[in-house]
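J.: First the structure, then my questions, so here it is.
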Amino acid sequence: MENNKNKLSSDQINALGYLFEEVSQRQLDDFGNISASSKSDGSLITSCDLWSDRKIVQGLSRIVPGEGVLSEEGDKSIPSSEAYWIVDPLDGTTNFAAGIPYWSISVARFVHGIPETSFLIIPTLRKKFTAIRQKGVYLNNKKIFKDNNLQKSDCVSLCSRSIKILQINPREIFPGKIRLLGVSSLNLTSVAMGQTFGAIESTPKIWDIAAAWLILDELNCKINWLKTNPENLNSGEDLSQVNFPLIAGRTSENLSLLKPWGDLLLKK
């Protein structure tokens with residue numbers, strides 16, 4: 001019998017949907033009308049990132065009281081609560097600030113250290129992914145199936161920092177047409193949706209990958225954690241400087257094809 005102790009109720013999921021819709025609308029309203037500044041690590045931030053973060057964190061405290069939150073713009077330590085949330089309020093700030101209409105809201109609920117429910121919203125495309133462990137993935141409330149997506153993509157998503165693998169191995173032909181979307185969560189989701197057959201991420205943080213991780217799992221895609229496995233993390237651990245380099249593949253064969261290239265990320 002399924003244990004519902006740590007499951008979200010339908011009322012909670014509906015309330016979260018309204019919350020993310022409000023955040024999406026604010027981001028769409030601010031898009032093209034806002035400037036960015038640099039954080040200490042060189043990445044960009046806008047007032048919309050900060051507003052979105054506050055709105056989501058406050059909403060979570062109301063909808064799921066007692067569950068901790070790790071957020072890109074807030075506390076970056078793993079909460080001590082059994083169930084907790086990992087939030088990237090605006091993944092793709094560089095795109096957002098540059099007027100490129102491609103970014104996401106990435107939110108995942110973890111139970112016992114692994115994602116149990118995740119939400120990935122692409123405001124400009126009016127797309128909302130919801131993944132529930134052992135229940136599947138829903139796009140705009142309609143369940144999607146991996147086998148229904150039969151197109152064969154020959155594209156691979158790379159992040160900007162993984163481009164170095166082409167310089168390390170210049171004599172070898174890369175086994176796919178390269179796409180750089182500029183958003184880690186959407187790079188990985190493109191694999192799950194069959195838009196690419198694989199993705200290589202060099203320095204993603206836990207908030208970049210949390211929501212997409214469950215989407216990939218539920219659609220039977222494959223992940224190879226190249227250095228740090230996020231399933232082996234501990235309460236209180238500070239993840240602000242921890243990267244999770246990885247390869248994602250649509251199939252095990254795709255993963256094997258990209259593995260030699262992904263291994264190059266670990267070379268000094």
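J.: Is it the case that segment 77-85 has a residue that's within 16 Å of the chain's Cα centre (by Cα), of a type outside the set (K, R), surrounded by 15 or more Cβ atoms within 10 Å (Cβ to Cβ) and more than 28 Å from G236 (Cβ to Cβ)?
T.: No, because not a single residue in segment 77-85 is within 16 Å of the chain's Cα centre (by Cα), of a type outside the set (K, R), surrounded by 15 or more Cβ atoms within 10 Å (Cβ to Cβ) and more than 28 Å from G236 (Cβ to Cβ).
J.: Would it be correct to say that E201 is touching a residue at least 60 places away in the same chain (Cβ under 8 Å) and charged (D, E, K, R)?
T.: In short, no.
J.: Please work out if S162 is surrounded by 23 or more Cβ atoms within 10 Å (Cβ to Cβ), out of contact with any Pro (no Cβ under 6 Å at 6 or more places or on another chain) and not in a strand (DSSP E or B).
T.: Considered against the rule, which asks whether it is surrounded by 23 or more Cβ atoms within 10 Å (Cβ to Cβ), out of contact with any Pro (no Cβ under 6 Å at 6 or more places or on another chain) and not in a strand (DSSP E or B), S162 comes out as yes.
J.: Is segment 129-138 home to any residue that is at pLDDT below 95 and surrounded by 15 or more Cβ atoms within 10 Å (Cβ to Cβ)?
T.: no
J.: Do you know which residues across segment 234-268 are of a type in the set (S, T, N, Q), loosely packed, with under 15 Cβ neighbours inside 10 Å and within 23 Å of V111 (Cα to Cα)?
T.: N234, S235, S240, Q241
J.: Sort through S157, S190 and tell me the only one that's in contact with a strand residue (DSSP E or B) (Cβ under 8 Å, 6 or more places away or on another chain), small (G, A, S), assigned to a helix (DSSP H, G or I) and at pLDDT 95 or above.
T.: S190
J.: Mind checking which residues of segment 193-233 are among the hydroxyl-bearing types (S, T, Y) and either surrounded by fewer than 23 Cβ atoms within 10 Å (Cβ to Cβ) or not in a loop (DSSP other than H, G, I, E, B) (or both)?
T.: Hits for segment 193-233 are S202, T203, T228.
J.: Which one of these is of a type in the set (D, E) and modelled with pLDDT under 95: E172, E201?
T.: E172
The values are calculated or read from the model by the stated rules, or taken from the named source; none is laboratory data. Here the structure is a predicted model, which is why all the values come from computation and not from measurement. Ideal geometry is used to build each Cβ from the backbone, glycine not excepted, and the neighbour counts take in all protein chains shown.
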